[in-house]
Amino acid sequence: MINTLHLPVNLIAKAKKFTLRRATDSDLRTLMVLLADDPISATRGDKADDSDAAAYRSALSAIVADPSNDLLVVVNETDDPLATMQLTRIPGMARRGSTRLLIEAVRVRSDYRSSGIGSAMMRWVTGSAAPSIEASLVQLTSDEGRQDAHRFYERLGFVGSHRGFKYKVG
């Protein structure tokens with residue numbers, strides 16, 4: 001949990017009010033579904049299968065216990081999670097010792113995509129979260145196949161400045 005983030009907060013998306021809050025154990029099933037509600041994620045093993053609940057629960061516990069991490073959800077008026085993202089604060093030596101804020105696992109429920117929730121989430125990250133943790137850079141990676149997501153991030157001012165590499169272990 002990134003302690004200096006003041007949550008919950010209200011987000012406005014297309015004249016509707018939503019709440020951004022920290023994820024809890026009671027959100028686990030919905031988080032699994034959000035992560036799997038995507039063809040690319042499904043190919044990586046995110047299938048929202050109940051047999052994987054223990055692995056997801058362990059990951060959620062580790063994120064919540066780590067003071068450099070936060071797992072957030074956007075909920076509607078009935079506290080139904082509609083979107084999620086993970087934030088990680090990374091102190092660094094590069095850029096004269098600057099701190100970065102990494103955004104991971106951004107997902108918006110398929111029936112809420114293009115509702116403005118994703119834009120509201122990203123505006124909150126860049127306008128409130130990053131300054132409150134004294135991050136000078138907000139960064140994220142996005143799978144090469146997510147062309148719509150790339151256009152979305154570029155519309156919000158993110159720049160495709162680097163090429164990422166991954167190495168699968170095991």
Q | Segment residue 147-residue 168, extension gain: residue separation times 0.36 nm, minus the distance between their alpha carbons | A | 5.3 nm
Q: Using Cα centres only, tell me the gap between the stretch 125-170 and the stretch 8-83 in whole Å.
A: 18
Q: Excluding residues fewer than 8 places away in the same chain, name every one of the lysines whose C-alpha is closer than 20 Å to that of residue 168.
A: 47
Q: Using Cα pairs closer than 8 Å and at least 6 residues apart in sequence, work out the relative contact order for the stretch 9-155, in percent.
A: 22
Q | Theoretical gain in end-to-end length, residue 111 to residue 19 [0.36 nm per residue, Cα-Cα removed] | A | 31.4 nm
Q. How about residue 16: which aspartates and glutamates have a C-alpha closer than 19 Å to its C-alpha, ignoring those fewer than 8 places off in the same chain?
A. 77, 79, 80, 111
Q: Name the shape class, rounded, prolate or oblate, that the alpha-carbon gyration tensor gives for the chain, where a ≥ b ≥ c are the square roots of its eigenvalues, rounded holds for a/c under 1.5, and otherwise prolate holds if a/b is larger than b/c and oblate otherwise.
A: rounded
Q. Based on the alpha carbon coordinates of the stretch 56-150, what radius of gyration and maximum Cα-Cα distance (Dmax) apply, in Å?
A. 14.3, 45
Q: Kyte-Doolittle cut-off 1.0, length cut-off 15 Å along the helix's own axis using Cα: show which whole DSSP H helices in the chain pass.
A: 53-65
Q) What list of ³J(HN,Hα) values in whole Hz, one per residue of the stretch 10-25 in order, does the Karplus curve 6.51 cos²θ - 1.76 cosθ + 1.60 (θ = phi - 60°) give from phi, with Gly and Pro shown as x? A) 8, 10, 10, 9, 6, 6, 10, 9, 10, 10, 9, 9, 6, 6, 10, 4
Q.
Take residue 95 and residue 9, extend 7 Å from each Cα along the Cα→Cβ direction, and tell me the distance between the two endpoints in nm.
A. 1.8
Q: Work out how much length residue 156 to residue 136 would gain on full extension: take 0.36 nm times their residue separation and subtract the Cα-Cα distance, in nm to one decimal.
A: 5.5 nm
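Since every read-out is calculated from the coordinates, none of them should be taken as a lab result. It should be emphasised that the depicted structure is a prediction, and the values quoted were computed from it without experimental measurement. Neighbour counts are summed over all protein chains in view; Cβ atoms, including those assigned to glycine, are modelled from backbone coordinates with ideal geometry.
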